[in-house]
Every structure is written in structure tokens, then in C-alpha cells.
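**Q** To start, I am sharing the structure in question, which I have written as C-alpha cells.
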Amino acid sequence: EKPLVRKPTTRNKQFCATPTATMAGGGDSAECVAPPATHTTNAEDQAEVAKLQARIAQSNASSKEPASASSKADTATTPGELASSVPSVQIAEGAHKYVLVSAVDPVLRSGESEPLRRDFVVSRHGAAYHRNAAEPLVYLLEERGYADIRVKGGGRILLDSEKKKIHIFGYSYGFGLADHAKSKSIIEADDRYEGFSVTWSNDGY
């Protein structure tokens with residue numbers, strides 16, 4: 001009778017800050033080992049993530065004072081209309097990498113003492129890295145005047161419109177683990193996904 005052989009698992013491993021190391025076991029005695037092949041990251045991606053974070057920091061530092069929601073810009077569209085036109089949820093059909101982003105509304109809404117912080121969930125078809133999902137949204141938020149933009153982690157989202165199912169799982173090697181429970185609540189608040197079964201898990205990649 002052949003002995004039982006346990007397959008290696010990465011469930012309890014903690015990921016190091018470098019793309020070439022993983023903390024095995026955790027704690028003070030943990031050691032660094034190579035990441036699994038499923039980790040689609042490399043030194044170039046990590047460098048691009050750092051550049052994006054630096055860009056966001058620079059943009060946040062130069063953010064303007066919030067405008068009135070009804071004040072007119074150079075066009076007939078008000079700042080409030082421009083800001084509101086950015087959807088909270090942009091997810092692609094199928095299983096793709098996603099990021100959770102938050103930013104402060106560029107306008108002071110009627111009845112509010114300070115601008116509100118909005119959360120955004122976005123996945124992109126063909127995004128090789130999580131930064132590829134984050135960059136277009138970050139640039140759009142900058143263009144629309146949002147302040148204090150933060151990429152608050154990532155993972156993957158499986159959208160099956162035919163079966164009305166959405167599953168949020170995994171993490172981002174570059175931005176860290178997103179709060180999937182928050183992403184779930186943001187998606188459920190979108191009328192387009194009324195009646196969908198939305199689930200999440202921190203497992204997988």
C-alpha cells in the first residue's frame with residue numbers, strides 16, 4: 001500500500017514585499033521562498049505599481065478645494081454631473097482581476113458639511129496585472145477632480161450574467177488584499193445587479 005503524500009499548499013504562507021519571495025509558516029521563524037507560478041507579477045510590474053502609487057500621491061497633494069455641485073465649468077456640464085458620471089461598479093463578464101478604489105468627491109453636495117468619499121469596484125477584461133485594472137480608473141478620477149485617491153487592494157471577480165452570479169475572491173500581489181465584503185456591498189447596491197447572487201472568499205488567486 002502506497003503511503004499518503006500530502007500536496008504542498010500556500011494557504012498559510014505570507015507574501016513578502018518582493019516579487020521573488022514568500023514567507024512560509026509566518027512568525028519570527030518564517031523563511032522566504034519563491035512564489036507559486038500562479039502569481040502573475042514580476043519586478044517590472046512591482047516597479048509600475050510603485051510609479052502609479054507615486055503618481056496618485058502627487059495628484060492627491062495637488063488636489064484643489066471642492067467646488068459647489070452646481071457651479072459651472074467651461075462647458076454646460078457641472079462638476080457635480082461630471083463626478084457623478086463615474087460609475088461605482090465597472091466589472092467585465094468572465095473572471096478578471098479587479099481593484100477596490102476609494103476617492104473623495106470633488107464637489108460639496110447640498111446638505112453635506114464636507115465632500116463624501118466614494119468607493120469603486122472595477123475589473124477589466126485582459127488585465128494582465130492589477131495595475132492594468134487600476135490605471136484607467138485612477139486617470140479618470142484625476143480628470144474628474146477627485147481627491148485622496150487610494151487603491152485599497154484587489155483580487156478577482158467572476159461575473160456570470162447568464163446565471164446571475166458574481167464571485168469575488170483572491171488578492172493582488174501589488175496592492176494587497178481588498179475588502180471583498182465591501183466590494184460585495186458596493187456591487188449589490190448597483191441596480192444593474194439586482195437579483196444576482198454575490199459571494200466572496202479570501203481563498204484563491
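**Q** Give just the number: which of (1) at positive phi; (2) touching a helix residue (DSSP H, G or I) at 6+ places or on another chain (Cβ under 7 Å) does residue 193 not satisfy?
**A** (1)
**Q** Among residues belonging to the stretch 129-142 that are open to solvent by less than 20 Å² (accessible area, probe 1.4 Å) and not small (Gly, Ala, Ser), point out the one that is nearest to residue 54 (Cα to Cα).
**A** Per the stated criteria, the residue is 138.
**Q** Being modelled with pLDDT of 95 or more, surrounded by fewer than 16 Cβ atoms within 10 Å (Cβ to Cβ) and of a type outside the set (A, V, I, L, M) narrows it down to one of 112, 93, 81, so name that one.
**A** Residue meeting the stated conditions: 93.
**Q** If a residue must be in a loop (DSSP other than H, G, I, E, B) and of a type in the set (S, T, N, Q), how many such residues does the stretch 157-192 contain?
**A** Result for the stretch 157-192: 1.
**Q** Pick from 154, 195, 126, 145: which is surrounded by fewer than 22 Cβ atoms within 10 Å (Cβ to Cβ), at pLDDT 95 or above and not in a helix (DSSP H, G or I)?
**A** Step by step, each of 154, 195, 126, 145 is checked, and only 195 is surrounded by fewer than 22 Cβ atoms within 10 Å (Cβ to Cβ), at pLDDT 95 or above and not in a helix (DSSP H, G or I).
The values are calculated or read from the model by the stated rules, or taken from the named source; none is laboratory data. Quantities reported herein were computed from a predicted structural model and do not represent experimental measurements. Note: ideal-geometry Cβ built from the backbone for every residue, glycine included; neighbour counts use all protein chains shown. In case anyone asks, the SASA skips ligands and DNA or RNA and just uses the protein heavy atoms, side chains included. Shrake-Rupley method; radii C 1.70, N 1.55, O 1.52, S 1.80 Å.
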